[in-house]
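The values are calculated or read from the model by the stated rules, or taken from the named source; none is laboratory data. Model, not experiment: these values are computed from the prediction. Positions of Cβ are generated from backbone atoms using ideal geometry, with glycine treated the same way; all protein chains shown enter the neighbour counts. Ligands, DNA and RNA are excluded from the accessible area calculation, which covers all protein heavy atoms including side chains. Shrake-Rupley method; radii C 1.70, N 1.55, O 1.52, S 1.80 Å.
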Amino acid sequence: MGAVEIGLLVAIGLVLVFGIGVVVANRRSSGGLPDASSRTIERPPSAAGDASSGTILEERTADGTAPPDTTAPAEAGATGTDVVEPEVEVVEIDEPPPGTLRDRLAKARSTFAGAISGVLGRGSITEESFEDLEEALLRADVGVSITDELLEGLRARVASKEITEPSELLDALQAEMVGRLRSSDRSLALAPRAAGEPGVWMFVGVNGVGKTTTIGKLANQQALDGRTVLLAAGDTFRAAAAEQLQTWAERAGAEFVRGAEGGDPSSVVFDGVERAASRDIDLVMADTAGRLHTKSNLMDELRKVRRVAEKGAGEVTETLLVIDATTGQNGLIQAREFNEATDVTGVVLTKLDGSAKGGIVFAIETDLGIPVKLVGIGETIGDLIPFDPDEFVGALFERG
């Protein structure tokens with residue numbers, strides 16, 4: 001090989017070495033290859049690691065320290081983006097206006113709908129017409145004896161030709177049912193009083209019927225009518241009963257008295273009456289434990305509460321029995337037992353909007369002579385309303 005060829009090969013080699021050096025330098029400056037002063041440490045995966053690889057690669061310098069963190073987030077606004085907290089709009093939600101019996105008695109009305117359709121669907125009054133009505137009345141828990149009395153009277157009027165058309169039969173039954181309820185006094189007794197002599201309303205009933213809620217709603221109504229009210233938490237046995245009543249007291253702007261959990265209910269009611277007397281409060285509403293009407297010793301305790309409530313300055317003018325309308329005829333048993341123990345003056349029928357058994361009203365008033373004074377037809381504070389016989393029966397017989 002001549003000198004010329006050797007010189008060319010040397011030149012080519014130098015060019016190659018120079019080119020490789022340039023590439024390596026460029027890769028180092030762009031992060032493509034690790035610097036000689038740094039090394040890669042492999043450590044076991046952690047919660048912050050890459051779950052897919054199971055390995056965390058951590059960059060460290062030759063002396064074992066971590067390099068400066070160049071990925072720290074910029075200060076707020078440094079990137080030109082403002083961090084805006086979401087605005088929370090406070091919206092006051094008004095409770096729906098109080099409902100009516102006619103609006104809320106869909107389930108009870110459905111019990112009569114089939115009978116009404118059957119009676120009107122026939123061209124004349126037949127035995128099947130009376131069978132339809134009997135079934136509807138019994139399913140609504142009007143009671144066997146009252147049902148028999150109502151239909152016997154109608155049969156006689158049909159036999160005498162006083163009633164000849166199916167529509168007249170329905171109108172006559174509706175009028176008879178309203179007539180059985182119209183004579184009762186449904187007002188809530190607020191006896192005239194001197195200063196320092198509060199009236200007392202006692203509330204009794206088994207657990208789960210809505211007794212405490214009824215007290216709260218009624219306290220709110222009385223406060224809106226301009227009366228001062230005190231709530232006495234005489235149910236000292238049910239967990240959270242006092243807390244629930246206190247919430248209602250705060251909502252209604254009423255005074256509140258409670259005792260120790262498991263304490264004597266009579267003493268709580270007595271203290272409530274005395275406090276109301278000292279502050280010239282108009283009305284004390286006394287909650288009581290949800291008594292099982294089959295337990296005689298517990299019923300005796302209710303008698304004691306009643307006696308103690310009248311030992312001081314107060315006067316018990318109402319003892320209201322709260323009954324769940326969905327219990328049907330069992331509510332009649334409750335009413336009878338509570339009436340014997342505490343001289344019930346009126347019934348509050350709750351959950352009437354969710355029951356097909358509203359006929360218990362007739363059994364309570366006819367068999368026991370206790371008026372239904374209030375009915376609960378919903379969950380809101382305005383859904384405790386005075387019982388209106390015409391509206392109640394009219395809703396059951398609504399046609400079309």
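Listed here are the residues, each with its yes/no results for (1) closer than 29 Å to D388 by Cβ; (2) not acidic (D, E).
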site: L298; (1), (2): no, yes
site: I323; (1), (2): yes, yes
site: E337; (1), (2): yes, no
site: T342; (1), (2): yes, yes
site: L349; (1), (2): yes, yes
site: L352; (1), (2): yes, yes
Q | Top-ranked residue in the range 207-227 [being in contact with a Lys or Arg (Cβ under 8 Å, 6 or more places away or on another chain) and polar (S, T, N, Q); ranked as most open to solvent (accessible area, probe 1.4 Å)] | A | N207
Q. Out of all the residues in the range 176-195, is one or more surrounded by 15 or more Cβ atoms within 10 Å (Cβ to Cβ), without any contact (Cβ under 8 Å) to a residue 60 or more places away in the chain and farther than 18 Å from A277 by Cα?
A. yes
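Residue-by-condition table, conditions (1) open to solvent by 10 Å² or more (accessible area, probe 1.4 Å); (2) small (G, A, S):
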| residue | (1), (2) |
| --- | --- |
| M285 | no, no |
| A289 | no, yes |
| V308 | yes, no |
| A313 | yes, yes |
| T319 | no, no |
Q: Please tell me if L150 is hydrophobic (A, V, I, L, M, F, W, C), over 36 Å from the mean Cα position of the chain (by Cα) and more than 29 Å from G346 (Cβ to Cβ).
A: no
Q) Does I385 count as at pLDDT 85 or above, closer than 20 Å to M202 by Cα and in a strand (DSSP E or B)? A) yes
Q: Would you mind finding the one in R303, R336 that is among the basic types (K, R), surrounded by fewer than 18 Cβ atoms within 10 Å (Cβ to Cβ), under 30 Å from G358 (Cα atoms) and within 29 Å of the chain's Cα centre (by Cα)?
A: R336
**Q.** Condition met for Q329 (at pLDDT 80 or above and open to solvent by 50 Å² or more (accessible area, probe 1.4 Å))
**A.** no
**Q.** Looking only at the range 362-382, and only at residues there that are part of a loop (DSSP other than H, G, I, E, B) and not charged (D, E, K, R), the one that is farthest from the chain's Cα centre (by Cα)
**A.** G369
Q: Scan the range 139-148 for residues that are crowded, with 16+ Cβ neighbours inside 10 Å and on the phi < 0 side of the Ramachandran plot and jot them down.
A: R139, A140, V142, I146, T147
